[in-house]
Amino acid sequence: MEGAVLPPFHTTAEYWHENVQAYISSHSLDHSTYTDLRDAVISRLPAAALDGPGSIGLTRTDLISTLSTWRSKSTSRKINYLEIGCAGGENFTPMSESPIIDIAHCVDPDPKSVSTHKMTSSNFFKTNIQNYDIIFVDGLHQWSTALSDIASSLLTLSPEGVIIVHDSNPRTSSAASPTVPNFEVDKVAWNGDVYKAIVELGSNPNVDVATGYFDEGCAVVIDRPRSKERLLVPREGAAEVLSYEVFDRNRKEFLNLLDWEELMYWIEGEAQPVKI
Ligand SMILES: C[S@@+](CC[C@H](N)C(=O)[O-])C[C@H]1O[C@@H](n2cnc3c(N)ncnc32)[C@H](O)[C@@H]1O
């Protein structure tokens with residue numbers, strides 16, 4: 001990165017949110033310099049430091065556990081959990097061991113994964129007849145597959161169930177690449193373009209979508225009419241043509257990006273003003 005002088009290194013989220021943002025605006029950096037500077041700082045920060053101010057350090061497992069507990073309490077029974085893509089089980093294993101879970105299934109074709117169903121999500125949904133209360137979509141990180149996984153999950157969800165979609169808030173254009181990286185060669189964090197699936201869903205008035213501002217972006221999809229409070233409604237077909245740059249400028253609105261507390265209000269149907 002040439003031209004911009006990096007501020008001194010620090011590891012706290014406060015540093016990013018206050019000092020780096022202030023540095024960027026006080027120096028009136030153009031967009032490409034801003035992106036270079038931000039990527040350089042991001043590469044030196046721990047992941048949690050880029051969470052929203054009210055969500056620092058929270059994880060997908062915190063969200064999935066919280067929603068599972070709510071669901072179990074509201075139905076007075078144990079619940080059924082499905083994860084699409086579980087890899088080594090960092091999230092799936094603790095979920096499957098939770099005392100409030102009855103059925104825990106995971107679909108992942110990787111023979112080394114801890115999945116209960118060694119197949120792709122599309123093959124799984126062709127024959128599945130089980131309903132689930134909570135579905136965590138974290139399989140192939142390409143928008144058309146993510147969108148198809150969400151659509152199939154909506155048909156598979158028990159009444160008032162909830163879908164959570166990981167990796168919907170990529171931090172950099174390289175993390176948002178639509179091409180699957182060679183993980184052996186490129187030691188990169190890859191969110192893919194799952195964000196496009198979330199933007200596309202935002203154009204559908206029949207579903208409600210918001211994204212938790214933590215752990216790479218945890219979108220929540222609920223089968224109910226879209227909340228009226230959305231500041232900006234993406235247009236249908238947006239995913240097909242959306243560039244990372246346009247997404248980056250509008251991510252708060254496109255993803256309906258909410259901090260933890262705002263997300264909890266929104267899930268309960270009591271939308272609060274966006275504070276981020
Ligand atoms: C990011 S990892 C999942 C991480 C895990 N959910 C967690 O929270 O720790 C993505 C997984 O999706 C799996 N995957 C890739 N394509 C898939 C597909 N078409 N259907 C289901 N799983 C898929 C990969 O094998 C990989 O293990």
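The values are calculated or read from the model by the stated rules, or taken from the named source; none is laboratory data. Just so it is clear, the model here is predicted, and its values are computed rather than measured. Every residue, glycine among them, receives a Cβ derived from its backbone with ideal geometry; neighbour counts consider all protein chains shown.
At a glance:
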quantity: Condition met for Arg235 (farther than 20 Å from Tyr81 by Cβ and out of contact with any helix residue (DSSP H, G or I) (no Cβ under 9 Å at 6 or more places or on another chain)); calculated: yes
quantity: Sole residue being at pLDDT below 85 and surrounded by 12 or more Cβ atoms within 10 Å (Cβ to Cβ), chosen from Val274, Val246; calculated: Val274
quantity: Residue list for segment 114-140, filter: more than 8 Å from the ligand (Cβ to nearest atom), in contact with a Ser or Thr (Cβ under 8 Å, 6 or more places away or on another chain) and either outside the structural domain of Val194 (by TED's automatic domain parsing) or not in a strand (DSSP E or B) (or both); calculated: Val114, Phe125, Asn128, Gln130, Asn131
quantity: Index of the failed condition, Val107 passing every other in (1) more than 9 Å from the ligand (Cβ to nearest atom); (2) under 27 Å from Ser74 (Cβ atoms); calculated: (1)
quantity: Odd one out for Asp62, checked against (1) surrounded by 18 or more Cβ atoms within 10 Å (Cβ to Cβ); (2) modelled with pLDDT of 75 or more; calculated: (1)
quantity: From Ile164, Ile129, Ile134, residue being surrounded by fewer than 19 Cβ atoms within 10 Å (Cβ to Cβ) and aliphatic (A, V, I, L, M); calculated: Ile129
quantity: Near pairs, Cβ below 6 angstrom, 6+ apart or cross-chain, from segment 189-208 (within 15 Å of Asp149 (Cα to Cα)) to any residue that is charged (D, E, K, R) and not in a helix (DSSP H, G or I); calculated: Val194/Asp167
quantity: Complete set of residues in segment 66-97 that are of a type in the set (Gly, Ala, Ser) and within 24 Å of Phe124 (Cα to Cα); calculated: Ser68, Gly85, Ala87, Gly88, Gly89, Ser96
quantity: Conditions (1) at pLDDT 90 or above; (2) on the phi > 0 side of the Ramachandran plot: number failed by Gly237; calculated: (1)
quantity: Residue in segment 156-184 that is nearest to the ligand (Cβ to nearest atom), counting only those that are more than 24 Å from Val114 (Cα to Cα) and free of Cβ contacts under 8 Å to residues at least 12 places away in the same chain; calculated: Thr179
quantity: Selection status of Asp149, more than 24 Å from Ser177 (Cα to Cα) and either assigned to a helix (DSSP H, G or I) or more than 16 Å from the ligand (Cβ to nearest atom) (or both); calculated: no
quantity: Tabulated pairs, segment 215-240, first assigned to a loop (DSSP other than H, G, I, E, B), second of a type in the set (A, V, I, L, M) and at pLDDT 90 or above, C-beta under 7 angstrom, 6+ apart or interchain; calculated: Gly217/Leu255; Asp223/Leu154; Asp223/Leu157; Asp223/Val207; Arg226/Val207; Pro234/Val199
quantity: Segment 74-95 residues that are in a strand (DSSP E or B), paired with ones that are within 7 Å of the ligand (Cβ to nearest atom) and of a type in the set (Ser, Thr, Tyr) (beta carbon under 7 Å, 6 or more apart); calculated: Ile84/Ser121
